[in-house]
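One structure is given here, and the rest of the page talks about it.
The values are calculated or read from the model by the stated rules, or taken from the named source; none is laboratory data. Treat the numbers as computed from the prediction; the structure is a model and nothing was measured. Because the Cβ atoms are built from the backbone with ideal geometry, glycine has one as well, and the counts that use them run over all protein chains shown. Just so you know, the surface numbers come from the protein's heavy atoms only, side chains and all, with ligands and any DNA or RNA stripped out. Shrake-Rupley method; radii C 1.70, N 1.55, O 1.52, S 1.80 Å.
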Amino acid sequence: MLRLLVGLFLALAAFVGARAQAQNLPTAIATFAGGCFWCVEADFDKVDGVVSTISGYAGGTVANPTYEAVGRGGTGHTEAVEIVYDPAKVTYEKLLDVFWHNHDPLAKNRQFCDRGDQYRPAIFYHNEEQRRLAEQTKAMHQARFKQPIQTEIVKAGPFYKAEEYHQDYYVKNPIRYQFYRFNCGRDARLEELWGKKP
């Protein structure tokens, strides 16, 4: 009987330990700017292994910028999305592939119908491995185009979360979001650049 109780106790301890470990799995962060953050967020939320996405502002010099300030220009920020992902389920290389195929790398200081440096495309790397992979994929894609790729690769600095109404905008306002995305010509230009999605 004592052996049975000890065995049950050990099994229970192993189960509880495994659950605690599963809940504390390490995650990683990727940060991309590909034009309107509503669209970038929507594209990455579909990727298996992405834990969360946050729309915000990156690459600027002004602390705690607002949407209005970034939109006016002069803050140096671009609309960006911070992606928390599970490296056991999705690689950074896969996230880079999703990013490249969901923005216009040939556009400088704009994306689709949006103009200004607040829409410039960028990869904000968080470590040297991310930088290496970003540079590698940029060179690979450059071979596809005659025009130079304009997408910046820069070290990640402070990321400022955008106002709450921007978060999950495509879920909260699906009709407005689809209207904006279509009228902006985003998917038509992506197909022109990369071909039809499988």
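Of the residues 167, 130, the single one that is of a type outside the set (Val, Ile, Thr) and over 19 Å from residue 49 (Cβ atoms) is 167. The set of residues in segment 17-31 that are modelled with pLDDT of 95 or more and in contact with a Pro (Cβ under 8 Å, 6 or more places away or on another chain) comprises 27, 28.
Selection of segment 159-188 for residues being of a type in the set (Ser, Thr, Tyr), assigned to a helix (DSSP H, G or I) and open to solvent by 30 Å² or more (accessible area, probe 1.4 Å) yields 165, 170, 180. Just one of (1) part of a strand (DSSP E or B); (2) at pLDDT below 95 fails for residue 198. It is (1).
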